[in-house]
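Okay, structure first, notes after.
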Number of protein chains: 2
Amino acid sequence: MNLYERYANEIAELIRSGMLRPGDRLPSVRAASAARGLSRTTIFEAYYLLETRGLVEARSRSGYYVKGDLAPAEITAPDDSRPNGRARTVDIGQLIFELLGSLNRREFVPLGSAFPSPSLFPLTRLARHLGSEMRDFDPWRLVEDLAPGNEALRRHIVLRYAMDGMVIAPTEVVLTNGAMEGLNLSLQAVTRPGNVVVVESPTFYAALQALDRLQLRALEVATSPACGIDIDALAAALKRHRVAACWLMPHFQNPLGSSMPDDRKKALVALLAEHEIPLIEDDVYAELYFGAKKPLPAKALDAKGLVIHCGSFSKCLAPGYRVGWVSGGRFAAKIEQMRLMYTLSPAIPSEAAIAAYLDRGGYDRHLRRLRAALARYLAIAMEAVQTHFPAGTRMSAPQGGYFLWLELPESVDTTKLHALARERGISLAPGPLFSTDRRSMHCLRLNYGHCGDRRFAAAMQTVGQLAAALMQG
Amino acid sequence: MNLYERYANEIAELIRSGMLRPGDRLPSVRAASAARGLSRTTIFEAYYLLETRGLVEARSRSGYYVKGDLAPAEITAPDDSRPNGRARTVDIGQLIFELLGSLNRREFVPLGSAFPSPSLFPLTRLARHLGSEMRDFDPWRLVEDLAPGNEALRRHIVLRYAMDGMVIAPTEVVLTNGAMEGLNLSLQAVTRPGNVVVVESPTFYAALQALDRLQLRALEVATSPACGIDIDALAAALKRHRVAACWLMPHFQNPLGSSMPDDRKKALVALLAEHEIPLIEDDVYAELYFGAKKPLPAKALDAKGLVIHCGSFSKCLAPGYRVGWVSGGRFAAKIEQMRLMYTLSPAIPSEAAIAAYLDRGGYDRHLRRLRAALARYLAIAMEAVQTHFPAGTRMSAPQGGYFLWLELPESVDTTKLHALARERGISLAPGPLFSTDRRSMHCLRLNYGHCGDRRFAAAMQTVGQLAAALMQG
């Protein structure tokens with residue numbers, strides 16, 4: 001552990017124990033530096049880390065303060081899901097396309113969006129790299145880079161894995177048109193039509209769509225809004241069903257925001273290894289952790305090449321550039337071939353610009369800022385839920401990402417709430433989007449990645465009022 | 001017809017009739033202008049058109065000359081294909097991936113490549129647009145443009161259709177990750193696993209791969225290297241088989257270089273309309289015509305929304321940018337939804353740069369230059385085949401695009417030729433890549449879009465010698 005982490009942990013302990021209270025000012029950087037014999041940089045980094053963890057906030061020209069307490073006692077997490085244990089064909093129908101039609105338009109306050117605010121990203125620098133890289137680009141590379149893809153970018157991906165202690169061969173990394181293509185190809189690589197695939201309950205609607213497209217059956221397994229899929233329930237399901245693959249998001253799961261603790265991930269990987277079942281690990285929010293360090297991918301625990309790790313730059317660096325990747329384990333070559341047949345390659349300029357950005361440095365600085373912003377937004381969003389939503393509303397407590405899962409009182413039909421909110425210029429992602437059988441009728445996925453939008457507070461108030469009205473309705 | 005086209009046609013007729021012979025100098029622009037009472041610009045445009053048709057050549061500071069005759073009498077076209085009439089599952093196996101592994105690497109002379117030389121494209125201008133568009137890009141548009149895609153670009157596509165006399169609704173245009181994704185999605189939108197799909201014989205290997213991926217059966221129909229699929233053979237096939245869709249390239253077909261005359265296209269569209277069979281029209285080389293005007297897409301003749309027209313900027317403007325489109329007819333909404341589920345969107349910067357390029361003008365000027373270069377390259381390539389390849393080698397006479405189909409003497413196994421050429425740093429696309437049953441064993445698809453490569457002539461000589469050696473066993 002670094003010096004600054006150690007110091008940050010001390011402060012965190014003081015906050016947790018109540019020695020430091022909400023609103024208390026932390027010692028100034030200068031004073032703390034003198035008192036502890038640590039460099040100012042170290043103190044600053046410690047405070048910064050505490051900020052990214054959501055424990056303190058910087059006030060302009062005034063210093064760091066312990067944040068207004070979110071009073072964990074008042075927040076009740078939603079119950080673990082209890083799906084019915086049957087493998088089902090998927091038909092989530094038109095609701096999803098209606099939703100997609102509205103959630104990305106600026107006239108809607110994007111509480112239902114799947115993306116964080118694009119203003120959080122270093123778009124100007126990326127644009128500069130686009131222009132300068134392509135201006136001097138060797139024309140040959142426009143075809144050479146189609147397969148296996150921009151070499152510098154693949155090297156950076158491998159290096160970042162290495163920083164996390166993972167040894168991934170460059171040949172295992174397949175660049176894709178966003179993680180979406182990577183996930184779809186991975187699923188196709190390990191299944192045949194009619195197969196059963198395990199997903200979390202609730203799960204990301206794009207996973208359900210992919211299953212539908214490939215004529216696969218979804219087996220939803222009980223999932224905790226805090227720590228992810230239930231391993232005992234999974235083990236029981238594997239006894240009852242012949243399962244071809246699992247598609248899971250171990251970290252900051254969409255829509256729950258849940259994260260699997262390391263020992264649970266270990267148990268997961270061991271269980272699947274025993275059954276020789278491939279795991280498609282959707283890890284697109286990997287960089288958006290609020291804790292001290294990036295959670296360990298399930299991939300890191302895999303000795304058999306069964307885990308396919310899917311990542312992306314869309315959620316952490318370059319939205320709209322459509323560059324993701326797959327570390328395909330034993331399926332890498334097959335996935336690469338499928339991509340060549342399907343889309344040939346991601347856009348060469350997008351790959352080149354991202355590679356140049358990573359070359360020049362500054363990515364980690366950007367990520368620290370991004371994480372700090374999202375952690376701050378989470379606090380704002382949770383406070384807004386507590387202030388404006390009906391009593392009895394439960395919510396998850398994500399440790400990263402930008403989704404909060406809300407469980408409203410049972411009488412609130414969130415598809416109705418979605419329709420009402422839409423009339424008022426607010427998009428919502430109602431619970432039924434995230435399951436095969438339209439459960440979670442009274443749940444919402446709330447995107448808090450747009451808290452910087454000046455319309456956010458008023459929109460939360462409106463949605464809270466609409467929900468209250470529906471309860472009485 | 002324009003004045004310049006009329007004048008060009010007169011000259012062309014003089015050349016055809018032998019009044020003007022190879023090496024003859026055309027009247028100077030000034031003299032012709034005075035003699036005919038036409039503006040110099042008109043004369044110049046006429047000569048330019050003749051140049052793009054490959055009939056005359058400009059010699060620096062000296063004027064225009066009738067080109068060295070390609071002596072049509074000496075060129076024998078390959079026979080029409082005669083596939084066996086059975087619908088077959090597809091398995092083109094590893095050959096294709098071996099090939100893809102080498103054909104885009106600069107150490108190979110790319111006679112087997114699927115791409116024309118990237119040096120033929122306005123890459124610097126596109127790079128400028130990438131940088132400047134994205135620098136000032138409204139961050140919101142990074143998500144807004146995901147669906148239904150860059151509005152300006154879709155408007156340009158619709159306008160270009162309009163210039164060709166086609167009325168296409170903007171809602172019908174679905175932007176895709178290159179035409180590859182468009183073709184794949186179109187095929188999936190109109191078929192179910194196990195269905196039979198008609199393709200040309202021989203056909204583009206990516207079509208065969210797409211059929212394989214979707215578990216479809218290919219029905220190859222007799223095709224003329226000059227004028228495309230045989231309508232009588234198709235009609236007979238439709239009587240014997242229940243066909244779910246046709247995937248055809250009416251213009252500058254890959255690999256034959258064949259082009260369907262308008263009346264044949266009319267008969268095709270009428271026949272398919274009668275059977276209510278969707279046509280996937282792969283028209284990615286549409287802009288690369290050597291004649292006076294762009295051939296009319298089958299889509300233009302379709303009254304029932306059954307024709308899905310697939311286009312791309314990859315072959316005519318922006319290789320590697322991965323932007324194509326589909327005009328999906330009655331299947332447009334379905335194709336758009338599938339793309340949202342599969343890759344979400346093409347790269348937003350690529351779309352924006354191409355839209356900006358089209359906004360600023362100059363596209364048609366670039367296309368004229370590109371067509372002139374390819375037409376010149378075709379003449380060079382045909383001459384090289386005649387000079388270096390074994391006697392009895394036949395070749396097609398493409399009217400556009402950059403593929404020439406060669407039929408070598410029957411004793412030449414082109415998969416062996418491919419292996420030998422590869423050892424000598426030359427890539428080739430052997431005939432068996434283009435059929436389900438590895439026919440066309442003695443055929444080659446020759447990419448002449450790299451004739452500007454200084455290694456081209458020597459490579460052609462080498463391949464010719466290797467072929468001759470193979471004949472002698």
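Each residue of the range B:408-422 was assigned a 3J(HN,Hα) from its phi angle through the Karplus expression (A = 6.51, B = -1.76, C = 1.60, θ = phi - 60°), giving 7, x, 4, 6, 8, 7, 6, 6, 5, 4, 4, 5, 5, 5, 4 Hz with x at Gly and Pro. Within 10 Å of the Cβ of each residue in A:346-358, the mean number of Cβ atoms contributed by other protein chains is 5. Counting neighbouring beta carbons within 10 Å and listing from fewest to most, the residues B:Lys299, B:Lys266 come out as B:Lys266, B:Lys299.
In the range A:191-269, inverting the average of 1/r over every pair of distinct C-alpha atoms gives 12.6 Å as the Kirkwood radius.
Normalised Debye scattering of the protein assembly as shown at q = 0.05 Å⁻¹ gives log10 I(q)/I(0) of -0.33, counting only Cα atoms as equal scatterers and leaving out solvent.
Dividing the Cα radius of gyration of chain A by its Kirkwood radius returns 0.96 for Rg/Rh. Each of A:Glu151, B:Glu423 was scored by other Cβ atoms within 10 Å of its Cβ. Arranged with the fewest first, they read B:Glu423, A:Glu151. According to the Kirkwood relation over distinct C-alpha pairs, the hydrodynamic radius of the range B:364-425 is 13.4 Å. The Rg/Rh ratio of the range A:121-360, with both radii computed over alpha carbons and Rh defined as the Kirkwood radius, is 0.97.
Per residue, the convex hull spanned by the alpha carbons of the range B:283-396 comes to 163 Å³. Between A:Arg330 and A:Gln465, the modelled labels are 5.9 nm apart [label points 7 Å from Cα along Cα→Cβ]. The value of relative contact order for the range B:120-360, using C-alpha pairs under 8 Å at least six residues apart, is 30 percent. One equal scatterer on each Cα of the range B:357-473, no solvent, Debye formula: the resulting log10 I(q)/I(0) at q = 0.13, 0.14 Å⁻¹ is -0.52, -0.59. Structural descriptor for chain A: relative contact order 21 percent, calculated from alpha carbon pairs under 8 angstrom and at least 6 residues apart. Only helical runs count toward this figure. For chain A, summing -39,500 (n - 2.57) over DSSP H runs of n ≥ 4 and dividing by all residues gives -13000 deg cm²/dmol at 222 nm. Residue by residue along B:320-326, Cβ atoms of other protein chains within 10 Å of the local Cβ number 5 on average. Here the chain B residue lying nearest the rotation axis onto A, judged by its C-beta and given with the distance in whole angstrom, is B:Gly131, 1.
Restriction of the trypsin sites (Lys or Arg not before Pro) in the range A:207-257 to DSSP coil positions whose beta-carbon has at most 15 other beta-carbons within 10 angstrom yields A:Arg242.
Of all DSSP beta bridges confined to chain B, the antiparallel ones make up roughly 60%.
In terms of overall dimensions, the range B:3-66 has a Cα radius of gyration and Dmax of 10.6, 28 angstrom.
Under 1.5 on a/c is rounded, so check that first for the range B:78-168, then, if it is not, pick prolate when a/b is larger than b/c and oblate when it is not; a ≥ b ≥ c are the square roots of the alpha carbon gyration tensor eigenvalues. Taking the square roots of the gyration eigenvalues as a ≥ b ≥ c, the range B:78-168 is prolate. For the residues of B:128-137, the average number of beta carbons from a partner chain within 10 Å of their own beta carbon is 6.
Ordered by the number of other Cβ atoms lying within 10 Å of each residue's own Cβ, fewest first, A:Ile426, B:Ile15 fall into the sequence B:Ile15, A:Ile426. Between A:Ser39 and A:Arg240, the contour length at 0.36 nm per residue exceeds the Cα-Cα span by 66.5 nm. Within the shell of other residues whose beta carbon sits under 14 angstrom from the beta carbon of B:Thr42, the net charge comes to +1, with Lys and Arg scored +1 and Asp and Glu -1. Note on A:Val167 and A:Phe97: the extension gain reaches 21.3 nm, defined as 0.36 nm multiplied by sequence separation minus the Cα-Cα distance. Once the C-beta distance of B:Arg135 and A:Lys266 is scaled by a Förster radius of 56 Å, the resulting FRET efficiency is 0.75 to the nearest 0.05. With label points set 7 Å from Cα along Cα→Cβ, the inter-copy distances at A:Asp232 are 7.6 nm, sorted shortest first. Shortest first, A:Leu95 label-point distances to identical copies amount to 5.0 nm, with the label point at 7 Å from Cα along Cα→Cβ.
The distance from the alpha carbon centre of the range A:394-473 to that of the range A:216-275 is 25 Å, rounded to a whole number.
Ranked from shortest, the separations from the 7 Å Cα-to-Cβ label point of A:Gln472 to its equivalents in the other copies are 9.9 nm. Computed on the range A:3-66, with alpha-carbon pairs under 8 angstrom and 6+ residues apart, the relative contact order is 42 percent.
Laboratory data are not the source of any read-out in this text; all were calculated from the coordinates shown. This is a predicted model, so every value here is computed, not measured. Virtual Cβ from ideal backbone geometry, glycine too; neighbours counted across all protein chains shown.
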